[in-house]
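The next block holds one structure in the form of structure tokens; read it before the comments.
The values are calculated or read from the model by the stated rules, or taken from the named source; none is laboratory data. No experiment lies behind these values; they were computed from the predicted model shown. Positions of Cβ are backbone-derived with ideal geometry, glycine not excepted, and every protein chain shown enters the neighbour counts.
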Amino acid sequence: MSEDDELAALRDETAHGDRIDTADAASDRRAFVDDIVSELEAIDDGDKQKTVSVWDGHLAAFVRALEANPDRMTSVGEGLQQRLDLEHEEVDRSELLRLALRLGFKEAAPDELDAVRDAAGEHATNRL
């Protein structure tokens, strides 16, 4: 591949859409943040649950085995906290699952997780 071809390929990889694409993305993000704020309000009002359920036999067995082996539970929890740059605190089942979900979303969908942070801040401001 010639230097010109490499530059063209790099340009294609890093090219951003025009202003309309940028505006559409901002509008989509705003709508998503608004959806999250609405869900947070429904939770606060008692209209929706604050819990998340997952049906997975292998994960259920894994979590129960961790609970039966507190040293392993602590080690896994601390590993999750470290990857999320959080202070090391005691980890129970709920915290372990919360941390695992957050890390998974941070790795797979960082922009969407940022929208959760934005919505949480906006929601807190609205509640004042």
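Across the range 37-67, the number of residues qualifying as out of contact with any helix residue (DSSP H, G or I) (no Cβ under 7 Å at 6 or more places or on another chain), at pLDDT 95 or above and among the aliphatic types (A, V, I, L, M) comes to 6. Residues that are modelled with pLDDT of 95 or more, among the charged types (D, E, K, R) and touching a Leu at 6+ places or on another chain (Cβ under 7 Å) occur at least once in the range 71-83. Screening the candidates GLY79, GLY104, GLY57 for the property of being surrounded by fewer than 10 Cβ atoms within 10 Å (Cβ to Cβ) and either free of Cβ contacts under 8 Å to residues at least 12 places away in the same chain or β-branched (Val, Ile, Thr) (or both) yields one hit, GLY57. Of ARG72, ARG29, all but one fail to be in contact (Cβ under 8 Å) with a residue 40 or more places away in the chain, of a type in the set (Lys, Arg) and surrounded by 11 or more Cβ atoms within 10 Å (Cβ to Cβ); the exception is ARG29. Output the number of the condition that LEU66 fails; it satisfies all remaining conditions of (1) more than 30 Å from HIS123 (Cα to Cα); (2) exposed (fewer than 11 other Cβ atoms within 10 Å of the Cβ). So the condition that LEU66 fails would be (2).
Against the definition (surrounded by 13 or more Cβ atoms within 10 Å (Cβ to Cβ) and out of contact with any Gly (no Cβ under 6 Å at 6 or more places or on another chain)), how does VAL52 come out, yes or no?
So VAL52 does not fit the description; no.
Return yes or no: is GLU90 of a type outside the set (A, V, I, L, M, F, W, C), touching a Ser or Thr at 6+ places or on another chain (Cβ under 9 Å) and either surrounded by 13 or more Cβ atoms within 10 Å (Cβ to Cβ) or in a loop (DSSP other than H, G, I, E, B) (or both)? Criteria met by GLU90.
When the range 109-126 is examined, which residues are found to be assigned to a helix (DSSP H, G or I), within 8 Å of the chain's Cα centre (by Cα), without any contact (Cβ under 8 Å) to a residue 12 or more places away in the chain and exposed (fewer than 15 other Cβ atoms within 10 Å of the Cβ)? Within the range 109-126, PRO110, ASP114 qualify.
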